Amino acid sequence: MTHIDSATAGPVPDAVRGDGLDARLVVERSSFRLDVALTAAPGDVVALLGPNGAGKTTALRALAGLTPLTGGHLRLDGASLDRTPPESRPVGVVFQDYLLFPHLSALDNVAFGPRCHGASKSEARAQAARWLDRMGLADHAGARPRRLSGGQAQRVALARALATHPRLLLLDEPLAALDARTRLDVRAQLRRHLAEFEAVAVLVTHDPLDAMVLADRLVVIEHGRIVQEGAPADIARRPRTDYIAQLVGLNLYKGRAEGHTVRLDAGPGITTTEDLTGPAFVAFPPGAVTLYRDRPTGSSARNLWRCEVAGLETHGDQIRADLTGELPLAADLTTVAAAELDLHPGATVWATVKATQTHAYPA
């Protein structure tokens, strides 16, 4: 069953109208315009991804009421929040730097929210104690923020946000302040807590792994607009912009498909296993590229390009070569292979990719 919303003059599903988040966030400034539509059902975790300056943090601040909308709408569980002040919204926020009160214990930091919502001091502290226990921090209830590790502070901030029972939880780069070892553990804990959260959660992150692990759906923003959204696996397999391709570690090209060949808008054709017609993307991972110093004669690869090494950098336990020439691309190879090929900036190489290692899809 659907209802007609007079504001849109179109059918609005009950799930969007009655429960969860239904927003169109329009924020105009002198040199920037954000125009992003977001919907999510209770229990959904949505990650906003995008390069610096794309508008992710502006969107998060608009949801929190910290940046006023200049257009659009914001509804949560069917209620309009357009004119609701930040402190009156059923919204919890975990800021990037956590912003814990330095003079309060972990217990009193968490109790602050319930106190602001009218709970007595004893009841607020009892609620806070339950939340800290749930976060595995019962033994740190009396500790002030400076005595907490980064992971512990992050969990206190999350408990403080959840203690008010928000219908929308906002997380701004929730793992950015953590070192690599702590990040792995806290990411797993945060995933568990978000899985138990019964309302909508929206997180902003620059880290594709955080987004892939924590979110049910990714929304990619560039220049204030959504360029792609969907399940993490779908976006990782079918990126539609260079930014997304780099984020998930793929070489991405756009051209016109004619059967098993995609002829690029600027460059050669790429042979693929898919049979397509019309505008298409073609992608393949840097690890699918094999490099030779001389033109190979016995290779079965259908794709062969003459390139030049523009740069080399360590990428995990491998070397990533940045190549220019007939087809600009990134190639991953072992340190031993790079040494055997005597790779260096300016060196000429031949790059091959098997058709079976490419993936073509409609643009």
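The values are calculated or read from the model by the stated rules, or taken from the named source; none is laboratory data. Source: prediction; values computed, not measured. Cβ coordinates were reconstructed from backbone atoms using ideal geometry, including for glycine residues, and neighbour counts include every protein chain displayed.
Of all the numbered requirements in (1) within 22 Å of the chain's Cα centre (by Cα); (2) more than 24 Å from residue 79 (Cα to Cα), residue 141 misses one, and that requirement is (1).
Could you please give the count of residues in region 153-171 that are surrounded by fewer than 21 Cβ atoms within 10 Å (Cβ to Cβ) and touching a helix residue (DSSP H, G or I) at 6+ places or on another chain (Cβ under 7 Å)? The qualifying residues number 1.
Would you be able to tell me the number of residues in region 73-94 that are buried (at least 17 other Cβ atoms within 10 Å of the Cβ) and farther than 18 Å from residue 19 by Cα? Number satisfying all stated conditions: 2. Being farther than 12 Å from residue 361 by Cβ, touching a strand residue (DSSP E or B) at 6+ places or on another chain (Cβ under 8 Å) and modelled with pLDDT under 90 is not true of residue 294. Residue count for region 227-246 under the criterion of being in a helix (DSSP H, G or I) and among the acidic types (Asp, Glu): the result is 2. Which residue out of 195, 215, 245 is under 20 Å from residue 41 (Cα atoms), in contact with a strand residue (DSSP E or B) (Cβ under 9 Å, 6 or more places away or on another chain) and either at pLDDT 90 or above or not assigned by TED's automatic domain parsing to the domain that holds residue 170 (or both)? 215 is the lone residue from the list that is under 20 Å from residue 41 (Cα atoms), in contact with a strand residue (DSSP E or B) (Cβ under 9 Å, 6 or more places away or on another chain) and either at pLDDT 90 or above or not assigned by TED's automatic domain parsing to the domain that holds residue 170 (or both). Annotation: of all residues in region 82-109 being in contact (Cβ under 8 Å) with a residue 12 or more places away in the chain and among the polar types (S, T, N, Q), the one that is nearest to residue 170 (Cα to Cα) is 96.
Regarding residue 261, is this residue surrounded by 16 or more Cβ atoms within 10 Å (Cβ to Cβ) and either on the phi < 0 side of the Ramachandran plot or within 30 Å of the chain's Cα centre (by Cα) (or both)?
Values: surrounded by 16 or more Cβ atoms within 10 Å (Cβ to Cβ): yes; either on the phi < 0 side of the Ramachandran plot or within 30 Å of the chain's Cα centre (by Cα) (or both): yes.
Here the answer is yes, as residue 261 does meet what is asked.
Among the residues of region 104-152, those identified as over 22 Å from residue 165 (Cβ atoms) and exposed (fewer than 13 other Cβ atoms within 10 Å of the Cβ) are 139, 142, 146, 147. Taken over region 290-345, the criterion of being of a type in the set (A, V, I, L, M), under 20 Å from residue 269 (Cβ atoms), without any contact (Cβ under 8 Å) to a residue 60 or more places away in the chain and buried (at least 19 other Cβ atoms within 10 Å of the Cβ) is satisfied by 323, 331.
Got at least one residue in region 177-189 being among the hydrophobic types (A, V, I, L, M, F, W, C), in contact with a helix residue (DSSP H, G or I) (Cβ under 9 Å, 6 or more places away or on another chain) and modelled with pLDDT of 90 or more?
Filtering region 177-189 down to residues among the hydrophobic types (A, V, I, L, M, F, W, C) leaves 177-178, 180, 184, 186, 188.
Of the ones still in play, those that are also in contact with a helix residue (DSSP H, G or I) (Cβ under 9 Å, 6 or more places away or on another chain) are 177-178, 186, 188.
From the residues that got through so far, the ones that are modelled with pLDDT of 90 or more too are none.
Looking through region 177-189, none of the residues is among the hydrophobic types (A, V, I, L, M, F, W, C), in contact with a helix residue (DSSP H, G or I) (Cβ under 9 Å, 6 or more places away or on another chain) and modelled with pLDDT of 90 or more.
When region 186-208 is limited to residues that are within 14 Å of residue 176 (Cα to Cα) and not polar (S, T, N, Q), the one that is surrounded by the fewest Cβ atoms within 10 Å (Cβ to Cβ) turns out to be 206. Scanning region 196-210 for residues that are in contact (Cβ under 8 Å) with a residue 24 or more places away in the chain and either out of contact with any Asp or Glu (no Cβ under 6 Å at 6 or more places or on another chain) or among the polar types (S, T, N, Q) (or both) yields 197, 198, 199, 201, 202, 203, 205, 206, 207, 208, 210. Within the span defined as region 75-92, every residue fails to be at pLDDT 90 or above and within 18 Å of the chain's Cα centre (by Cα). For region 40-56, taking the residues that are surrounded by 19 or more Cβ atoms within 10 Å (Cβ to Cβ) and not hydrophobic (A, V, I, L, M, F, W, C), the one that is nearest to the chain's Cα centre (by Cα) is identified as 50. Do we have any residue at all in region 209-229 that's small (Gly, Ala, Ser) and on the phi > 0 side of the Ramachandran plot? Yes, region 209-229 contains at least one residue that is small (Gly, Ala, Ser) and on the phi > 0 side of the Ramachandran plot. Step by step: first the residues of region 14-39, then only those that are at pLDDT below 95 and aliphatic (A, V, I, L, M), then the one that is surrounded by the fewest Cβ atoms within 10 Å (Cβ to Cβ). Which residue is that? In this case the residue turns out to be 15.
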